[in-house]
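> Sharing a structure with you now.
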Amino acid sequence: MTGPARDNRSISPIFWLLFGAGGMLSALFGPGLILITGFFAPLGVGLPENFLSYDHALAFAQNPVGKLAVLVVVALFFWHGAERLFLTLKDMKAGPSLLLKLCTYGVAAVVTAAVIALLLAIGF
Amino acid sequence: MPDPAKKTIELRILRYQPGVDAAPSFGTFEVAGAENMSVLEALQTIKDTLDGSLSFRWSCRMAVCGSCGMMINGEPKLACSTFLRDLPPGPVTVEPLNNFPIERDLVISVGGFVKKIESIYPYIMPKEPKTVEQGPYRQTPAQLAAYESFSDCINCMLCYAACPQFGENPDFIGPGAMALLQRYNGDSRDAGRQKRLDTIHGENGVWSCTAVGICSEVCPKSVDPANAVNQNKTNSAFDFFLRFLRKE
Ligand code: SF4
Ligand code: FES
C-alpha cells in the first residue's frame, strides 16, 4: 500500500509546547502569585516587611536569575493564554485564522519582546 | 391503564435521495407498540410495515459492528443501543450522522473515513517477521493494557459527527483514526510508530484539533479518542524538534 497524501508539517508544535509549558507553570505558580501580589502584599499581611517594596522588586529583577524568572513567568503565561484564546476563537469561527493568530500569538510575541527589552533596560 | 407495549411513538426521519429529491426533508411515521423498541427496531418496523424504501445501515444489533450510527434527537448515537423509552416524550428526530455526505436517507458515505483508517497503517508491523514455527508474538498483561482501550473502537464515526473541527475541515484525520493509530503505536509487538507518526504532523493530521473533547463524550465504547489525539500532539510536537537528532 502506498502512503497517504500528506500535508506539510505544521508549525503548531511550537505554540503548543509554549502553551503546555505555560499551562504547567501557571497551574504551579499562578495561584500563589495571585495570592501574594493580589492579596497579601496590598493588605500587608503574611509577608516579610518590604517584601514587595520598589527596591526589593528592582533588586530581584536586576539579578540574572530573577530576570529569567520574570521572563519565563510573564512570557509563558501569555503564550498559554494566547493559545487558549486562539483555539476558542477558532472554534467560534471569529475570523480568518491569520487574523486570529495575530491577535493572540501576536500579543504574546509583543509582550515577550517587551519584557526582554525592559529587563535589559533596567540593567544588572 | 393503557398497555405500554401498545404505546405509539412518532418518528421524524430525514429522507433524501440525491439526484431525485431536490433537498432532504422529514418524513413522519407512527410506530405502534414502540415502547420497548430500540430506535433501530423502530426503523426496521417502519421498513417492514410502513415504507420499504427507508434506507439505513445496521448489522449486529448489539453495539459491536458500528454500522448504525445516526443523529437521534440531534445527538450522535448507535440506533441499536438507544431505546425509545429512554428518550424524552414526544416525537423522536432521526437524521443521518452530521458532517458526512448523505448517500440515501440515513445512510452516509464512509469512503473518506475508510481512506483515513487506511492511511495510518492499521496493522501490526513487526520489527522482525516471525515464521509460524517461531511461535506467536508474546505480550504481558501490562503491555496489553497500554493499548487495549483504543482497540475497542468499532469505527462507528459518532466522534466524527460530533467533532466541530472535522465539520470545518473534512480532511482532518479525526478522532477515530487517531484512536486506531494509538492502538498500534502503543502495541509492544509493533515497530511502525515513526511511520504512523509521520502521517499526522500536518494541519490535517493531529494539529486541526482544538481540544474540544466531545469525541470522547459521545463515544459508545469509552475509547477516549481525545486522549489518543492529545498523546499524539505531544508525540508530534517532540518529533518536530527531535527529528534532527533522529538516525534514519
Ligand atoms: S472512537 Fe468511539 S465514537 Fe469514534 S469511531 Fe471509535 S467507537 Fe466510534
Ligand atoms: S447494529 Fe451494530 S452497532 Fe448498531
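> Across the range B:62-89, which residue is least open to solvent (accessible area, probe 1.4 Å) among those that are more than 16 Å from ligand 1 (Cβ to nearest atom) and touching a strand residue (DSSP E or B) at 6+ places or on another chain (Cβ under 8 Å)?
The residue in question is B:L84.
> Right, next: Across the range B:164-198, which residue is farthest from the chain's Cα centre (by Cα) among those that are more than 25 Å from B:V212 (Cβ to Cβ) and of a type in the set (K, R)?
Only one residue tops the list, namely B:R189.
> While we're looking at this one, here's another question. Taking the conditions exactly as written (farther than 29 Å from B:D239 by Cα and part of a loop (DSSP other than H, G, I, E, B)), does A:L47 satisfy them or not?
yes
> Keeping to the range B:219-248, report how many residues are in contact with a Phe, Trp or Tyr (Cβ under 7 Å, 6 or more places away or on another chain), away from ligand 1 (no atom under 14 Å from the Cβ) and among the aliphatic types (A, V, I, L, M).
Looking only at that region, the number is 1.
> Next up: Looking for something modelled with pLDDT of 95 or more and closer than 21 Å to B:P141 by Cα - is there at least one such residue anywhere in the range B:166-179?
Checked the range B:166-179: at least one residue is modelled with pLDDT of 95 or more and closer than 21 Å to B:P141 by Cα.
> Conditions first: (1) farther than 21 Å from B:S119 by Cβ; (2) away from ligand 1 (no atom under 16 Å from the Cβ); (3) assigned to a helix (DSSP H, G or I); (4) under 21 Å from the mean Cα position of the chain (by Cα). B:S216 passes all but one, so which condition is the exception?
With respect to (1) farther than 21 Å from B:S119 by Cβ; (2) away from ligand 1 (no atom under 16 Å from the Cβ); (3) assigned to a helix (DSSP H, G or I); (4) under 21 Å from the mean Cα position of the chain (by Cα), B:S216 is out only on (2).
> Taking only the range B:150-163 into account, find how many residues are assigned to a helix (DSSP H, G or I) and either within 16 Å of ligand 2 (Cβ to nearest atom) or open to solvent by 50 Å² or more (accessible area, probe 1.4 Å) (or both).
Count: 6.
> Looking at the range B:208-219, I want the residues that are within 11 Å of chain A (Cβ to nearest Cβ) and within 15 Å of B:G176 (Cβ to Cβ) and have a partner that is in a loop (DSSP other than H, G, I, E, B) and among the aromatic types (F, W, Y) with Cβ atoms under 6 Å, at least 6 apart or on another chain. Which pairs are those?
B:S208/B:F172
> In addition: Among the residues of the range B:30-40, which ones are closer than 18 Å to B:E95 by Cβ and either under 27 Å from the mean Cα position of the chain (by Cα) or assigned to a loop (DSSP other than H, G, I, E, B) (or both)?
B:S38, B:V39, B:L40
> If you check B:C65 against the conditions, is it of a type outside the set (A, V, I, L, M), in contact (Cβ under 8 Å) with a residue 12 or more places away in the chain, within 16 Å of ligand 2 (Cβ to nearest atom) and in a loop (DSSP other than H, G, I, E, B)?
Considered against the rule, which asks whether it is of a type outside the set (A, V, I, L, M), in contact (Cβ under 8 Å) with a residue 12 or more places away in the chain, within 16 Å of ligand 2 (Cβ to nearest atom) and in a loop (DSSP other than H, G, I, E, B), B:C65 comes out as yes.
Residue-wise test of (1) exposed (fewer than 12 other Cβ atoms within 10 Å of the Cβ); (2) within 11 Å of the chain's Cα centre (by Cα).
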{"site": "A:A21", "(1), (2)": "no, yes"}
{"site": "A:F29", "(1), (2)": "no, no"}
{"site": "A:G38", "(1), (2)": "yes, no"}
{"site": "A:L76", "(1), (2)": "no, yes"}
{"site": "A:L98", "(1), (2)": "yes, no"}
{"site": "A:L102", "(1), (2)": "no, no"}
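> From the list B:S67, B:S149, which one is outside the structural domain of B:P18 (by TED's automatic domain parsing) and within 22 Å of the chain's Cα centre (by Cα)?
B:S149
> Tell me yes or no: at least one residue of the range B:41-58 is assigned by TED's automatic domain parsing to the domain that holds B:P96 and within 16 Å of ligand 1 (Cβ to nearest atom).
Looking for residues that are assigned by TED's automatic domain parsing to the domain that holds B:P96 and within 16 Å of ligand 1 (Cβ to nearest atom), one finds at least one in the range B:41-58, hence yes.
The values are calculated or read from the model by the stated rules, or taken from the named source; none is laboratory data. All values reported here derive from a predicted model rather than from experimental measurement. Reconstructed Cβ throughout: ideal geometry from the backbone, glycine too, with neighbour counts over all protein chains shown. The area values use the complete protein model at the heavy-atom level, side chains included, leaving out ligands, DNA and RNA. Shrake-Rupley method; radii C 1.70, N 1.55, O 1.52, S 1.80 Å.
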